[in-house]
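Step one of this worksheet: look at the structure below.
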Amino acid sequence: MASISPESIGLLFHNARTHNGWLDKDVPDALLRKIYETAKLGPTSTNCNPARIIFIKSPEAKAKLLPCLLPGNVEKTKAAPVTAIVAQDLNFVEKLGKLFPHADAKSWFAGNQPLIESTAFRNSSLQGAYLIIAARAYGLDCGPMSGFNQEQLDHTFFAGTSWRSNFICNLGYGDETKLFPRLPRLDFDEACKIT
């Protein structure tokens with residue numbers, strides 16, 4: 001597999017930032033569809049694809065979301081053109097016949113709720129990261145966060161379903177004048193070992 005250009009790596013990682021301020025510029029639904037169609041191609045274990053995403057754009061949906069957020073996340077989310085709720089479907093096993101057709105993968109999870117929950121959480125987290133990378137690749141800025149009341153959000157958006165929230169991510173065109181300085185990261189030798 002060929003590597004992408006240094007400019008593309010910069011777009012996705014080195015120059016990309018977590019945004020807290022947003023320009024008043026619409027994100028077309030067609031672009032959100034394109035982002036998902038790209039992000040869904042990232043690998044998950046057993047190709048389980050447990051992530052479910054609600055893209056909140058309307059004032060009515062945003063008004064339902066804002067009370068679920070911690071106070072420090074309200075204003076930036078109010079200003080964001082889109083907020084994605086990245087959720088996990090605890091009934092993802094029901095789709096395994098389609099997604100992993102060459103084996104009876106559903107039976108691997110039968111009666112094992114801890115395995116279902118850990119698989120859903122781990123892989124929806126991966127898919128949420130793919131969503132961020134795809135959004136950046138298509139020119140959007142991102143502001144992921146976990147500062148919300150999960151019980152309240154799940155009751156508001158997912159009552160009566162098998163979906164549970166994982167994290168939320170503001171999407172749009174970032175206002176670079178509102179960026180904070182980049183925070184430090186761990187060096188390789190602090191975070192990694194080669195054995």
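Summing Lys, Arg as +1 and Asp, Glu as -1, what charge do residues with Cβ under 10 Å from the Cβ of Asn49 carry, Asn49 excluded?
Cβ neighbours under 10 Å give a net charge of +3.
Under the Kirkwood approximation for Rh and a Cα-based Rg, what ratio Rg/Rh is obtained for region 30-100?
1.06
Give, in nm to one decimal, the length gained when the segment between Leu41 and Lys178 is fully stretched (0.36 nm per residue of separation minus the Cα-Cα distance).
My answer for the length gained is 46.1 nm.
If I histogram all Cα-Cα distances within region 84-195 using bins 10 Å wide from 0, what percent of pairs lands in each bin?
Result, from short to long distances: 11, 30, 32, 21, 6, 0 percent.
In whole Å, largest first, what are the principal axis extents of the Cα atoms in the chain?
52, 47, 35
When the solvent-accessible surface of protein heavy atoms is calculated with a 1.4 angstrom probe, in what order do Asp141, Asp187, Asp89 fall, highest first? Kindly include the intermediate steps, with their values, before the conclusion.
On the way: Asp141 45, Asp187 100, Asp89 15 Å².
The most accessible residue leads, giving Asp187, Asp141, Asp89.
Amide H to amide H under 5 Å from Val82: which residues, 5+ apart in sequence or cross-chain, H placed 1.01 Å off N in plane?
Here Leu171 satisfy the definition.
Given a 1.4 angstrom probe, I'd like the percentage of the accessible area of the chain that is carbon and sulfur, rounded to a whole number.
For the chain, the apolar C and S fraction of the accessible surface comes to 57 percent.
Just the Cα atoms of region 72-146: what Rg and Dmax do they give in Å?
16.1, 48
When the helices in the chain are scored as -39500 (n - 2.57) per DSSP H run of 4 or longer and the sum is shared across all residues, what 222 nm value do you end up with, to the nearest 500 deg cm²/dmol?
Details: 9 runs with 74 residues, N = 195.
That calculation yields -10500 deg cm²/dmol at 222 nm.
Mind checking the full-extension length gain between Ala30 and Val74? Use 0.36 nm per residue of separation minus the Cα-Cα distance, one decimal, nm.
Length difference between fully extended and current span is 13.2 nm.
Per residue, how much accessible area does the chain have with a 1.4 Å probe, in Å²?
59 Å²
If we sort 154-163, 123-132 on the protection proxy, mean other Cβ atoms within 10 Å, highest first, what's the order?
Result, highest mean first: 123-132, 154-163.
Sequence gap at least 6, Cα distance under 8 Å: using those rules, report the relative contact order of the chain to the nearest whole percent.
35 percent
Report, in debye and to the nearest 20, how large the dipole of the chain comes out about its Cα centre when Lys and Arg carry +1 and Asp and Glu carry -1 on their Cβ.
For the chain, the charge dipole is close to 200 debye.
Distance between Cα centroids, region 1-57 to region 124-195: provide it in whole Å.
Using only Cα atoms to place each centre, the spacing works out to 10 Å.
How charged is the neighbourhood of Thr83? Take every other residue with its Cβ under 10 Å from the Cβ of Thr83, and add Lys/Arg as +1 and Asp/Glu as -1.
+4
Relative contact order for region 138-195: what percent, with Cα pairs under 8 Å and sequence separation of 6 or more?
Numbers: 33 pairs, mean separation 24.5, N = 58.
Relative contact order for region 138-195 comes out at 42 percent.
List, in the order given, every pair from Lys34/Lys95; Lys34/Lys193; Lys40/Lys193; Lys106/Lys193 whose Cα-Cα distance in the structure shown is over 26 Å.
Values: Lys34/Lys95 22 Å; Lys34/Lys193 37 Å; Lys40/Lys193 30 Å; Lys106/Lys193 35 Å.
Checking Cα-Cα distances, Lys34/Lys193; Lys40/Lys193; Lys106/Lys193 exceed 26 Å.
Give me the net charge of Lys25's neighbourhood, meaning all other residues with Cβ under 12 Å from the Cβ of Lys25; Lys, Arg count +1, Asp, Glu -1.
Details: positive: none; negative: Asp24, Asp26, Asp141, Asp175.
Here the charged neighbours net out to -4.
If the cut-off is 24 Å between C-alpha atoms, which lysines fall inside it for Lys64, apart from same-chain ones fewer than 8 positions away?
Correct list for Lys64: Lys25, Lys76, Lys78.
The values are calculated or read from the model by the stated rules, or taken from the named source; none is laboratory data. Since the model is a prediction, treat every value here as computed from it, not as a measurement. In this analysis, Cβ positions are derived from the backbone assuming ideal geometry, glycine residues included, and neighbour counts consider all displayed protein chains. Ligands, DNA and RNA are stripped out before the accessible areas are found, and what is left, the full protein with its side chains, is counted by its heavy atoms. Shrake-Rupley method; radii C 1.70, N 1.55, O 1.52, S 1.80 Å.
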